[in-house]
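The values are calculated or read from the model by the stated rules, or taken from the named source; none is laboratory data. Everything numeric in this text was worked out from a predicted model, so none of it was measured. Reconstructed Cβ throughout: ideal geometry from the backbone, glycine too, with neighbour counts over all protein chains shown. For the accessible areas, the whole protein counts, side chains as well, though only heavy atoms, and no ligand, DNA or RNA atoms are used. Shrake-Rupley method; radii C 1.70, N 1.55, O 1.52, S 1.80 Å.
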Amino acid sequence: MRHLVPARQSLPEKDPIFALNAEATRRRQAGERIVNATLGALTNDDGSLAILPSVARTLREVPAAESAAYAPIAGQPQFLAAVIGDLFRGHDALAEGAVAASTPGGTGALRIALMNYLEHGQSALAARYFWGPYRTLCDEHERTLSTFEMFDARGGLNVDALESSGRALIERQGRLLLLLNDPCNNPTGYSMSLDEWRAVAGALERLGERAPVTLLVDMAYWMYGAAADHRAFLSALEPLLGKVGLLFAWSASKTFTHYGLRVGALVACAGDEEARAATSAALAYSCRGTWSNCNRGGLFAVTRHLIEAALAAESDRERDGFKALLQRRVAAFNAAAASHHLRIPRYEGGFFVTVFHDQAEEKAAAMREEGVFVVPQKGALRVALCSTAEADIPKLVDALADE
Ligand code: PLP
């Protein structure tokens, strides 16, 4: 007898990316020379996980009474204030009306956004190239995902497509939730320019005159962007306050290289006191109804790295070292990709880059024969430079090239 409900009886057994990684690992252990550009964690050139040592130390120092106790449902107030302070540093107008709830990583933040800013059965909007779990999250929460054509003919963000897809969704369902993963978009590696942010803000403001419109900025990789000021994009969003809902999926996974710690937050800018109270209550309700509360010891340690100047400086310095490691790979990849005429978006930094390819599945399968693992997606191959040693980049790019 099958006890699973029908819709759950034939789901794929393994996440496709983890399945590719398992095959790559097995073949490497069997002695093959493998380039494994599938997994989304930053590794050193020797393949070990790149871990900020100061954060690992702070975690070891968490008092037992902190890590053993339950956290408040929405997270410790110190953590929430620290995240809001970190995110909106220099942008007081945004900080003023902000509320937050702690979540297990950015994934949890996406989950509570989907539940609170869309009705059952409605669609969120994302760019055509998106992090695969967006669709799983929508499906699991009985929402769907619509996409807009991400790039225009010049290779920039296609803001017209965003606006017209947004308008169509508003006409269909009377509200819009837009998921924008920037900078260092997963999977393309693309980072929007400030002008593109302003153009998106203009489009959202127009859409917001018709219906409730909410923008969620998925900032999983924001500390790895090439911009000198990671918060510059916020100035483009400030004029939207009170007109468009602003959400930020903040995560410690990449920022503090502790993916398994499951520390993150959803930050929401709410207009007035009444909206703030209602938003806080809604977010806390969602937390209670899923994971109850987050990893208290993790929240405690991350808070220290956000608010204690010496610890913040130490982890920033260590992260700069990792960014330099990644930047060397980005430069090597861009140079090799240009000489092999690979079709890639503008790529200035970040964990991933995408190579556009019309037969992505077939191409990825052929590459696996040569011992090179990338993730095929619709019309593209996702390449995780975050986990590719610099010395492997020539082999990787040779395999990606069609000639
Ligand atoms: N958003 C994007 C685009 C990601 O790539 C990831 C992780 O790979 C996440 C969100 C969520 O990660 P976490 O839940 O670990 O914060």
To the nearest 10 square angstrom, how much accessible area does GLU273 have with a 1.4 angstrom probe? 120
Within-14-Å neighbourhood charge of ALA7 [Cβ basis; K, R +1; D, E -1]: -1
Computed P(r) (all Cα pairs; region 15-164; 10 Å bins; percent): 8, 20, 30, 30, 11, 1
Kindly list the residues of region 56-91 that lie in the label zone of ALA310, defined by a backbone N under 19 Å from the point 7 Å along the Cα-to-C-beta vector. 56-63
Can I get the semi-axes of the chain's equivalent ellipsoid? Compute them from the C-alpha gyration tensor as square roots of 5 times the eigenvalues, in angstrom, largest first. 32, 26, 22
Using a 10 angstrom cutoff on alpha carbons, build the Gaussian network for the chain and name the most mobile of GLU23, GLU369, GLU314. GLU369
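I need the Kirkwood Rh of region 303-343: take the reciprocal of the average 1/r across all distinct C-alpha pairs and report it in angstrom.
Values: mean 1/r = 0.0824 Å⁻¹.
Roughly 12.1 Å, rounded to one decimal.
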Using only the alpha carbons of region 273-333, determine the length spanned along each of the three principal axes and report them from longest to shortest in whole angstroms. 49, 31, 26
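On average, how much accessible surface per residue is there in the chain, in Å², for a 1.4 Å probe, leaving out ligands, DNA and RNA?
Details: 17560 Å² over 403 residues.
Here the per-residue accessible area is 44 Å².
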